[in-house]
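Before any comments, here is the structure.
The values are calculated or read from the model by the stated rules, or taken from the named source; none is laboratory data. Owing to the predicted nature of the structure, the values given are computational and were not obtained by experimental measurement. Because the Cβ atoms are built from the backbone with ideal geometry, glycine has one as well, and the counts that use them run over all protein chains shown.
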2 protein chains.
Amino acid sequence: MTNDGCLYMGGAVFAFLLVWCGWSYANPIVFGGNNFMLRIVSDMRSECCTHPTPNLRFDPPDSTFYDDSELRYSIDKKVTGWDDKRKEWLKRHPTFTAGSKDMIVMVTGSQPNPCQNPIGDHLLLRAFKNKVDYCRIHGYDVFYNNVLLHPRMKSYWAKLPVVKAAMLAHPEAEWIWWVDSDAVITDMEYKLPLDRYNYKGHNLAVHGWPKLIYEEKSWTSLNASVFLIRNCQWSMDFIDAWANMGTISPDYKKWGEIQRSVFKDKLFPESNDQTALIYLIYKDRRLTDKIYLEGEYYFKGYWVEIVPTYYNITKKYVGIEREDNLLRRRHAEKVSEQYAAFREPHLKEAGNGRWCWRRPFITHFTGCQPCSGNHNQIYAEESCWNGMLKALNFADNQVLRKYGFVHPDLLDSKTVTDSLFDYPDEGPW
Amino acid sequence: MTNDGCLYMGGAVFAFLLVWCGWSYANPIVFGGNNFMLRIVSDMRSECCTHPTPNLRFDPPDSTFYDDSELRYSIDKKVTGWDDKRKEWLKRHPTFTAGSKDMIVMVTGSQPNPCQNPIGDHLLLRAFKNKVDYCRIHGYDVFYNNVLLHPRMKSYWAKLPVVKAAMLAHPEAEWIWWVDSDAVITDMEYKLPLDRYNYKGHNLAVHGWPKLIYEEKSWTSLNASVFLIRNCQWSMDFIDAWANMGTISPDYKKWGEIQRSVFKDKLFPESNDQTALIYLIYKDRRLTDKIYLEGEYYFKGYWVEIVPTYYNITKKYVGIEREDNLLRRRHAEKVSEQYAAFREPHLKEAGNGRWCWRRPFITHFTGCQPCSGNHNQIYAEESCWNGMLKALNFADNQVLRKYGFVHPDLLDSKTVTDSLFDYPDEGPW
């Protein structure tokens, strides 16, 4: 090698070492230890798909929408320019940016006062624990509301002011996921298919079927007890339009009459959130460009058809776990998503939704009214409460297993047994 | 510059660019955009103290303690070599390592069946929401247990099996923080002073006073309703020793008699978790090398002395916010810790604990028994429930404000008003 070449290489090596040491100092994990190359590959593999943790202690002095004295969180005050405002906030908080596109905040809640049903609050407490479990496993935040954010937006209308306030309180979140207090998450591994909703830029996903809206004109053609809404200006405007058929509207009574005139199976006179949503979509078909009517899985499922299937579904899952020891492997709760990925190929034939043996994502106890106890008379009271217990224990088994235990009997909330090593090859199945 | 110098510099620049581009590709935030140097400084400032988000989808095939068929989660099965096992697990999951030393999992819970007190579950639901709010603000996980993990470890003894199971389920967590269901977090900004417990390697922190243990020999010389325990072998062994004075022990009755003989103010015969803990510390003073008797702040505070102070404390905080507009600044909930830091200098004269005007960290409704309703007869029933409502709303105000609202009346859970821009300079104070 010539003298010039040596000088050039020397300069290159020197600069390389300078940056290497600097990076090494800042990132000791990648550059320390033995089996250097293996460590790099292994650490890259493990650090794949992660980004900096959000810095909770940093709010720069730069002005954001929060510094606008005109900003109001209340449902009856319009928010404008929200897309730019969120974007600006994210720019000022870069540690939140990287993860924000998949960031979900779940919002749920119940009334401010004790339930009239003697076991109502107990069921709500367990259903809240169920949601907290799900969010802990998947790294989502959850906010439980139990106040009336607008004195006139009560009952089923109370959710809209909360969703809007949550959008403003959580600019880091791309999605707000409203889940009614009587909905139980019964597949702890399943994740919302955000790519599906992002693919054509949908901003709201709700469980429903176009045919029931446009042909049968049914007030149950979708269900507003669970919805996923993007944190954007379109959603702010849509919530305004939606809420304006509710109890804050001077035309509230008229909306009730209009809804009944269009949706003949709606027997009660008041304008409710669900029919209002259907009505909006019915009147303007273009809204389906932005509203995804999700019918491919139990985005929210009807408990009556689901609860009797838990036993068979459990047997099926035990079956696939007996075939694949990887699925029986114990692990930390925090890495449960890895095992969801391992399980997925085994569920190819399971289907998703009605008549399928895949765990139902959400079981919704529509008509049971656990808090008031004023369940729909077509349901026996016991079937509602026992159904909820089964759903809660069915879900709890998926969680409790990471803590070393299972309920052998879905109707017995108290008793658990050790989920032994290599469960369910060993243990109560 | 000579020809040789140019060549050297050229090599240096080339190598620098090579690494720069590579890093740029992997970390676009730091190297993109205008105002390049300002961006670097700003991003460094914002990314200071953060680390990669844990990868929830990665569990390598390398063997860990989970693959040991001898591992049992049950309270009556010993765990050994836990420090090395945790360390090995963290080594295999490097994205969890960086944040693990401050990682806390809060554990709480209540009985499997509905409360006998008609408003019991409602209070527990609100107290759980309170804990979830706190954990969401500070990025902690929370696990709510409502099963009996050992059929003989009931009532106050039920917490130990849960804490142990949580330690095994969460090897990423350095600390497990048990908080009773009737304890309400009333300072949403305060954080456990982990440095204090780490300084001399303490493994367990509990609210208590040495004088009351060794001189007055009182069964209330500490309180086991809230404790912070390090996820390590010492703690595993200590929990074993502690539990062995409980209902799983064949000597359970004897321990009750021993405790009563030492702690003369203990009027009931059964061995309980609190007196058992005091007894262990009483018998072996060296344990205070590992057990921190925290008396410097309301690690858990007695509700009777605290509840009447909420009004004055609120007035004081309103006062300091009126002096400092930075504290009135609206912000995203996720960056609340920044505002806690801004507030801290204003609290220098506030004190911490009894007779102080700093918000009490935790208000514990000892003796109220919200679930059973069998409150200590020295308390009027109304004072217990109203006290809990005030505590819950006092805490809720600190949360709700980030959603744009406040309760003007701590006894009215239902009514909220807008927390207007520049609150409390504007608004209901």
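What the table shows:
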item	result
Residue list for the range B:376-409, restricted to those being assigned to a loop (DSSP other than H, G, I, E, B) and closer than 15 Å to A:Leu148 by Cα	B:Gly404, B:His407, B:Pro408, B:Asp409
Sole exception among (1) touching a Lys or Arg at 6+ places or on another chain (Cβ under 8 Å); (2) more than 18 Å from A:Asn272 (Cα to Cα); (3) surrounded by fewer than 23 Cβ atoms within 10 Å (Cβ to Cβ) for A:Leu148, by number	(2)
Any hit, the range B:54-61, residues being more than 10 Å from every other protein chain (Cβ to nearest Cβ) and out of contact with any Pro (no Cβ under 7 Å at 6 or more places or on another chain)	no
Subset of the range A:79-113 (residues that are more than 24 Å from A:Thr64 (Cα to Cα), touching a residue at least 12 places away in the same chain (Cβ under 8 Å) and not in a strand (DSSP E or B))	A:Ser110, A:Gln111, A:Pro112
Total residues in the range A:78-109, condition charged (D, E, K, R) and at pLDDT below 95	2
Tally of residues being of a type outside the set (Asp, Glu) and under 22 Å from A:Ile185 (Cβ atoms) across the range A:91-117	12
Checklist (1) within 8 Å of another protein chain (Cβ to nearest Cβ); (2) more than 21 Å from A:Pro114 (Cα to Cα) applied to B:Lys414, failing item	(2)
Test: residue in the range B:369-388 that is within 14 Å of chain A (Cβ to nearest Cβ) and within 21 Å of the chain's Cα centre (by Cα)	yes
Breaking point among (1) surrounded by fewer than 20 Cβ atoms within 10 Å (Cβ to Cβ); (2) part of a helix (DSSP H, G or I), for A:Thr415	(2)
Pairs, first hydroxyl-bearing (Ser, Thr, Tyr) in the range B:329-351, second part of a loop (DSSP other than H, G, I, E, B), C-beta under 9 Å, six or more apart	B:Ser336/A:Leu56; B:Ser336/A:Asp59; B:Ser336/B:Met188; B:Ser336/B:Glu189; B:Tyr339/A:Asp59; B:Tyr339/B:Glu189; B:Tyr339/B:Arg329; B:Tyr339/B:His331
Hits in the range B:67-92 (condition: surrounded by fewer than 16 Cβ atoms within 10 Å (Cβ to Cβ) and in contact with a Pro (Cβ under 6 Å, 6 or more places away or on another chain))	none
Test: A:Tyr25 is touching a Leu at 6+ places or on another chain (Cβ under 7 Å) and either modelled with pLDDT under 95 or assigned to a helix (DSSP H, G or I) (or both)	no
The range B:340-355: number of residues that are in a loop (DSSP other than H, G, I, E, B) and within 20 Å of the chain's Cα centre (by Cα)	2
Those residues of the range A:86-123 which are touching a strand residue (DSSP E or B) at 6+ places or on another chain (Cβ under 6 Å) and within 7 Å of another protein chain (Cβ to nearest Cβ), in sequence order	A:Thr95
Residue identified as surrounded by 19 or more Cβ atoms within 10 Å (Cβ to Cβ), more than 14 Å from every other protein chain (Cβ to nearest Cβ), farther than 17 Å from A:Ala391 by Cα and not polar (S, T, N, Q) among A:Glu296, A:Glu333, A:Glu321	A:Glu321
Matching residues in the range B:156-200 - criterion: being in contact (Cβ under 8 Å) with a residue 40 or more places away in the chain, more than 8 Å from chain A (Cβ to nearest Cβ) and more than 17 Å from the chain's Cα centre (by Cα)	B:Tyr156, B:Trp157, B:Ala158, B:Pro161, B:Lys200
Hits in the range A:336-368 - residues which are touching a helix residue (DSSP H, G or I) at 6+ places or on another chain (Cβ under 8 Å) and within 14 Å of chain B (Cβ to nearest Cβ)	A:Ser336, A:Glu337, A:Tyr339, A:Phe342, A:Arg343
Top-ranked residue of the range A:245-277 - restricted to ones that are under 23 Å from A:Asp180 (Cβ atoms) and among the hydrophobic types (A, V, I, L, M, F, W, C), ranked as nearest to the chain's Cα centre (by Cα)	A:Leu277
Residue check, A:Trp242 part of a helix (DSSP H, G or I) and more than 19 Å from the chain's Cα centre (by Cα)	yes
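So that you can scan it fast, the table gives a plain yes or no per residue for (1) surrounded by fewer than 23 Cβ atoms within 10 Å (Cβ to Cβ); (2) hydroxyl-bearing (Ser, Thr, Tyr); (3) within 27 Å of A:Asp76 (Cβ to Cβ):
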{"position": "A:Asp102", "(1), (2), (3)": "yes, no, no"}
{"position": "A:Thr108", "(1), (2), (3)": "no, yes, yes"}
{"position": "A:Val132", "(1), (2), (3)": "no, no, no"}
{"position": "A:Gly139", "(1), (2), (3)": "yes, no, no"}
{"position": "A:Lys154", "(1), (2), (3)": "yes, no, yes"}
{"position": "A:Val162", "(1), (2), (3)": "no, no, yes"}
{"position": "A:Ala169", "(1), (2), (3)": "no, no, yes"}
{"position": "A:Leu192", "(1), (2), (3)": "yes, no, no"}
{"position": "A:Arg196", "(1), (2), (3)": "yes, no, no"}
